[in-house]
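Q: Just dropping this structure here.
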Amino acid sequence: MITLYDYELSGNCYKVRLLLNILGLEWKTRRIDFHPGREHKSDWFLRLNPLGQVPVLEDDDLGLRDAQAILTYLAARYDRSGRWYPAGDARTLGEIAMWLAFAEGITATASAARLAENFLYDLDVDAARAGAHRLFRVLDEHLWFAEQEGRDWLCAPGHPTIADVACFPYVVLSEEGGVSRMPYPAIRRWTDRFKRIPGFTLMSGVFPAGAAV
């Protein structure tokens, strides 16, 4: 049985919940008092993840930390369609790996701005916002050129992959950190498409497809 150690307002936890739901999997949730309780820094949690970060996923005797690693595992093991992590397509796997690393950059910038703005973390919010805008310009340009070629998603196939799942949450939550998406029309179209994926679920701060934000 899958167990997800989860914090409702974490974008990294949200991306795991998204894929679990999209794949139609059953799981148990162990809620972590991230804020203000800082349970992720408690002794018992550090035995699960010495880095003191959520999410953590347990599946039988396997324990995994890091949201991108968890997405890769879930798609490789449970996606019968082979679309979310196409193991036999080396080119697409390379592109997915590239965008999973890009998602880490979004976490370090757009998510950091959100932490400073909403959770009062002592971070350089101006630097985080500037970094997020640099990445968003890259993402918007990539998506715009993909649209000119008739592609709607980050990687080569005509369907989403875990790359899209990894990048979506902290992009769509960026306004909470003072990072506007208004200058990025291709990003706004992509997030709206993502919200129409069967199995998509909302979280606090994420609005339905087509809703004004």
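Q: Relative to the compact-globule scaling 2.2 N^0.38 Å, provide the ratio for the alpha-carbon radius of gyration of the chain. Could the numbers behind the result be given before it?
A: Values: Rg = 16.7 Å, N = 213, 2.2 N^0.38 = 16.9 Å.
Taking N as the residue count of the chain, the ratio is 0.99.
Q: What's the extension gain from ALA209 to ARG196 if we count 0.36 nm per residue and subtract their Cα-Cα distance?
A: Details: separation 13, 0.36 × 13 = 4.68 nm, distance 0.64 nm.
My answer for the length gained is 4.0 nm.
Q: Order by neighbour count: GLU117, GLU147, fewest other Cβ atoms within 10 Å first, most last. Intermediate results must be reported in sequence, preceding the final value.
A: Details: GLU117 18, GLU147 14.
The most exposed by this proxy come first: GLU147, GLU117.
Q: Separate question: Radius of gyration and Dmax for the stretch 2-78's Cα atoms, expressed in Å?
A: 11.7, 35
Q: Mind checking which aspartates and glutamates have their C-alpha under 16 Å from LYS28, skipping anything on the same chain fewer than 8 residues away?
A: Once the sequence-local aspartates and glutamates are set aside, what remains near LYS28 is ASP6, GLU8, GLU58, ASP59, ASP60, ASP61.
Q: Expressed as a whole percent, how much of the Cα-Cα distance distribution for the stretch 37-117 exceeds 18 Å?
A: Above the 18 Å cut-off, the stretch 37-117 has 56 percent of its Cα pairs.
Q: Follow-up question, since we're still on this one. Using the 2.2 N^0.38 Å rule of thumb for compact globular proteins, work out how the stretch 90-194 stacks up: its C-alpha Rg over that value, please. Don't skip to the end; give the middle numbers.
A: Numbers: Rg = 13.6 Å, N = 105, 2.2 N^0.38 = 12.9 Å.
Here the Cα radius of gyration is 1.06 times the empirical estimate.
Q: Hydropathy first: keep DSSP H helices in the chain averaging at least 0.0 on Kyte-Doolittle, then drop any whose Cα extent along the axis falls short of 20 Å, and list what survives.
A: Numbers: long enough: 90-106 (24 Å, 0.86); 125-148 (34 Å, -0.18).
Result, helices passing both filters: 90-106.
Q: Note the full-extension length gain between GLU26 and GLN53 as 0.36 nm times their separation in residues minus their Cα-Cα distance, in nm to one decimal. Spell out each step's value before the answer.
A: Working: separation 27, 0.36 × 27 = 9.72 nm, distance 2.27 nm.
Net length gain for the segment: 7.4 nm.
Q: What is the P(r) of the stretch 143-213, as percent of Cα-Cα pairs per 10 Å bin from 0?
A: Percent of pairs per bin, in order: 18, 56, 24, 1.
Q: Now a separate question. What is the extension gain from ASP33 to ARG134, computed as 0.36 nm multiplied by their sequence separation minus the C-alpha to C-alpha distance, in nm to one decimal?
A: Working: separation 101, 0.36 × 101 = 36.36 nm, distance 3.21 nm.
Value of the extension gain: 33.1 nm.
Q: Before rounding to the nearest 500, sum -39500 (n - 2.57) across all DSSP H runs of length at least 4 in the chain and divide by the residue total; then give [θ] at 222 nm in deg cm²/dmol.
A: Working: 8 runs with 99 residues, N = 213.
Calculated mean residue ellipticity at 222 nm is -14500 deg cm²/dmol.
Q: Tell me the net charge near ILE96. Cut-off is 13 Å between Cβ atoms, ILE96 excluded, with +1 for each Lys or Arg and -1 for each Asp or Glu. Mind dumping the intermediate values first?
A: Working: positive: ARG83, ARG91; negative: ASP79, ASP89, GLU95, ASP164.
Residues near ILE96 contribute -2 overall.
Q: Right, next: Would you mind getting me the FRET efficiency between ASP43 and ALA97? Use the beta-carbon distance for r and R0 = 25 Å, nearest 0.05.
A: Working: r = 34 Å, r/R0 = 1.36.
Using R0 = 25 Å, I get an efficiency of 0.15.
Readers should treat all values here as calculations from the given coordinates under stated rules, not as data from a laboratory. On a predicted model such as this, the values are computed, not experimentally measured, just so you know. We place every Cβ from the backbone using ideal geometry, glycine too, and count neighbours over all the protein chains shown.
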